[in-house]
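Visitor: Quick one: this structure, given as C-alpha cells, is what I'll be asking you about.
Computed from the coordinates by the stated procedures, all read-outs in this text should not be read as laboratory data. Since we're looking at a predicted model, the values are computed, not measured. Here the Cβ positions follow ideal geometry from the backbone for every residue, glycine too, while neighbour counts run over all protein chains shown.
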Ligand code: ARG
C-alpha cells in the first residue's frame, strides 16, 4: 500500500505538477532503422522506440524531447542527468545494470552477421575458427562490439575489430571491402540489406537479447514511465507499433 501511494504521488508529480519538468528528455542514437531514424522525406525522427516513447509521454501528459547522440555516450548522459532516459534499441546486460536501471523488456532481438555475397564467412562458426582472420565491423559500445571483443579474447581468435560511431558507417565499410562482416541487431541488418545490393545475413544469429529503456538509478521517472510502458504492452499498443515497422517474415 505504501509503495502504491508513493507511486501515485510520483505519477501525480510528473509533468502535471511543478516538481518535475514538463518535458521528458530521451537520449538516442538516431541511426538505427526501424527503431530510431530520420525519415527520408520529412526529416522527422521516427521509428519503433520513438513511437513507444511518445505513447508513454502522452500517457504521462509530458512533452517528449529527443536528443540525438552517439550510442556509446547515452548511458553517461542518462547517469549524469543530461537526459531522463535512454531508448535506443538498448539491450539489457548485466554490465549495464551496474550503472543504470532497465524498464520492463518491450521487445527482443538477435545479434546477426551481415556479409557480402560470396563471403568466406558462411556461418557464425567461421568466426569462432582460430585459423580464420577477419576484419569485423561493429558500432562502438554496442553489444555486437562487446560480445565479439569478449569472444576474441576468450577464444584466442585473430580477428580485428573496426569500431564505428554510427551504425550505417559500418555498412559503408562493408560495401567498400574495408571490413569482412558487420555484427548488428537483426531488424537493423534486414533494413541495411534491403537498402544495399550484394549483402546478406547469415542464417544463424550470434546472440539473443532483450530491449529495454534505461534510467539513472533512483530516477524519479522510473516508476511512472515503467507503469505506462507496461500498460502499453498489455493493451497491445507496443505490438501494433512494432507491426507497423516490421512486417512478419
Ligand atoms: N542492441 C544493441 C545494444 O544495446 C545496439 C543498439 C544500438 N542502437 C542504436 N540506436 N544505434 O548495444
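Visitor: Name the shape class, rounded, prolate or oblate, that the alpha-carbon gyration tensor gives for region 207-249, where a ≥ b ≥ c are the square roots of its eigenvalues, rounded holds for a/c under 1.5, and otherwise prolate holds if a/b is larger than b/c and oblate otherwise.
Guide: Values: a/c = 3.35, a/b = 1.62, b/c = 2.07.
Oblate, because a/c is 1.5 or more while a/b does not exceed b/c.
Visitor: Which value in nm describes the separation of the simple spin-label points at residue 172 and residue 230, placed 7 Å from the Cα toward the beta carbon?
Guide: Output for this residue pair reads 4.3 nm.
Visitor: Semi-axes of region 48-179's equivalent ellipsoid from the Cα gyration tensor, sqrt of 5 times each eigenvalue, largest first, rounded to whole Å?
Guide: On the way: eigenvalues 215, 52, 36 Å².
Each semi-axis is √(5λ); the values are 33, 16, 13 Å.
Visitor: One quarter of the convex hull surface, Cα atoms only: what value does that give for the chain in nm²?
Guide: Numbers: hull surface 57.4 nm².
Computing the convex hull of the Cα atoms and averaging its projections yields 14.4 nm².
Visitor: Could you work out [θ]222 nm for the chain from helices alone, using -39500 (n - 2.57) per DSSP H run of at least four and dividing by all its residues? Round to the nearest 500 deg cm²/dmol. List each step's numbers first, then the result.
Guide: Numbers: 10 runs with 94 residues, N = 249.
Computed mean residue ellipticity for the chain: -11000 deg cm²/dmol.
Visitor: If the viscosity is 1.002 mPa s and the temperature 20 °C, what Stokes-Einstein diffusion coefficient in µm²/s follows for region 133-249 when Rh is the Kirkwood radius over Cα pairs?
Guide: On the way: Rh = 16.7 Å.
D = 129 µm²/s.
Visitor: Rank 56, 78, 46 by mean-square fluctuation in a GNM of the chain with C-alpha springs under 10 angstrom and give only the top-ranked residue.
Guide: Sorting by GNM fluctuation, first place goes to 46.
Visitor: Hey, rough spin-label estimate for residue 44 and residue 200, points 7 angstrom out along Cα→Cβ, what's it come to in nanometres?
Guide: Calculated label separation equals 3.8 nm.
Visitor: Between residue 248 and residue 54, with labels modelled 7 Å along Cα→Cβ, what's the label distance in nm to one decimal, could you check?
Guide: So the two model labels end up 2.5 nm from each other.
Visitor: May I pose another question? When the Cα atoms of region 170-230 are enclosed in a convex hull and the volume is divided per residue, what value in Å³ results? All intermediate terms of the calculation are to be shown ahead of the outcome.
Guide: Numbers: hull volume 8.8 nm³, N = 61.
Given the Cα convex hull of region 170-230, per-residue volume reads 145 Å³.
Visitor: Right, another one. Starting from the coordinates of the alpha-carbon atoms of region 21-67, obtain the Kirkwood hydrodynamic radius over all distinct pairs and give the value in Å to one decimal. All intermediate terms of the calculation are to be shown ahead of the outcome.
Guide: Values: mean 1/r = 0.0920 Å⁻¹.
Hydrodynamic radius (Kirkwood, Cα pairs) of region 21-67 is 10.9 Å.
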